[in-house]
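Worksheet: one structure, shown below.
The values are calculated or read from the model by the stated rules, or taken from the named source; none is laboratory data. Computed from a prediction, not measured in an experiment: that's the story for all the values here. So basically every Cβ, Gly included, is an ideal-geometry build from the backbone, and we count neighbours across all protein chains shown. What goes into the accessible areas is simple: the full protein's heavy atoms, side chains included, and nothing from ligands, DNA or RNA. Shrake-Rupley method; radii C 1.70, N 1.55, O 1.52, S 1.80 Å.
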Amino acid sequence: MIADKRNNQTDVPHDYVELAQPIKARYIKHENIHMPTGKYALSGLRVFGFGAGNKPAPVKQFMVLRGEKDKRGAWIRWSPSSDAYAYVIYYGTQPDKLYNSVMVHDANEYWFKAMDKEKTYYFSIEAVNENGISERLKTIQVN
């Protein structure tokens with residue numbers, strides 16, 4: 001048993017359980033013991049951690065092609081990594097402040113339509129798999 005909450009008397013609709021020590025598990029089981037109203041619903045369950053394999057390799061051939069006529073959009077492409085299931089594209093208006101991001105699953109391209117046509121933008125990308133996150137690529141400038 002990882003966490004025992006059967007004697008809990010506090011209403012915790014968004015409970016967060018942090019383990020004192022990490023554990024290795026392939027599956028987890030969540031079991032409801034009792035509900036006063038008789039109705040139970042689980043809206044989400046998140047488990048954090050990394051697998052035992054290798055992190056994905058860094059993305060290669062990352063390019064951002066801003067539109068000529070409409071500078072509010074850009075076509076973003078990169079070479080897919082065989083060991084990644086998703087990519088995180090970071091962007092911002094300062095090279096050291098890439099505070100916004102988009103996660104792309106099962107693709108190696110993205111149509112980005114969220115820019116101010118008068119501003120310069122900066123982009124970077126990293127690959128993601130169940131074992132971790134790759135090194136983030138050097139930030140590129142797009143005028």
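Would you confirm whether any residue within the range 42-61 is surrounded by 15 or more Cβ atoms within 10 Å (Cβ to Cβ) and either of a type in the set (S, T, Y) or in a strand (DSSP E or B) (or both)?
no
Cβ contacts < 9 Å: first residue at pLDDT below 85, restricted to the range 40-55; second residue of a type in the set (S, T, Y), any location; separation 6+ or different chain. Result?
none
Suppose we filter V17, V64 for residues that are under 24 Å from N131 (Cα atoms) and at pLDDT 85 or above; which single one remains? Spell out how you get there, then give the answer.
Numbers: V64 fails: under 24 Å from N131 (Cα atoms).
One residue alone meets the criteria, V17.
Answer with yes or no whether E18 is among the acidic types (D, E), over 19 Å from the mean Cα position of the chain (by Cα) and within 30 Å of W111 (Cβ to Cβ).
Numbers: among the acidic types (D, E): yes; over 19 Å from the mean Cα position of the chain (by Cα): yes; within 30 Å of W111 (Cβ to Cβ): no.
No; evaluated as a whole, the condition is false for this residue.
Being part of a loop (DSSP other than H, G, I, E, B), modelled with pLDDT of 95 or more and either open to solvent by 40 Å² or more (accessible area, probe 1.4 Å) or among the polar types (S, T, N, Q) (or both) is the filter here, so list the residues in the range 86-112 that pass it.
Within the range 86-112, T93, Q94, P95, D96, K97, Y99, N108 qualify.
Collect the residues in the range 71-119 that are among the hydroxyl-bearing types (S, T, Y) and touching a Leu at 6+ places or on another chain (Cβ under 9 Å), keeping them in residue-number order. Spell out how you get there, then give the answer.
First, the residues of the range 71-119 that are among the hydroxyl-bearing types (S, T, Y): 79, 81-82, 85, 87, 90-91, 93, 99, 101, 110.
The answer is Y90, Y91.
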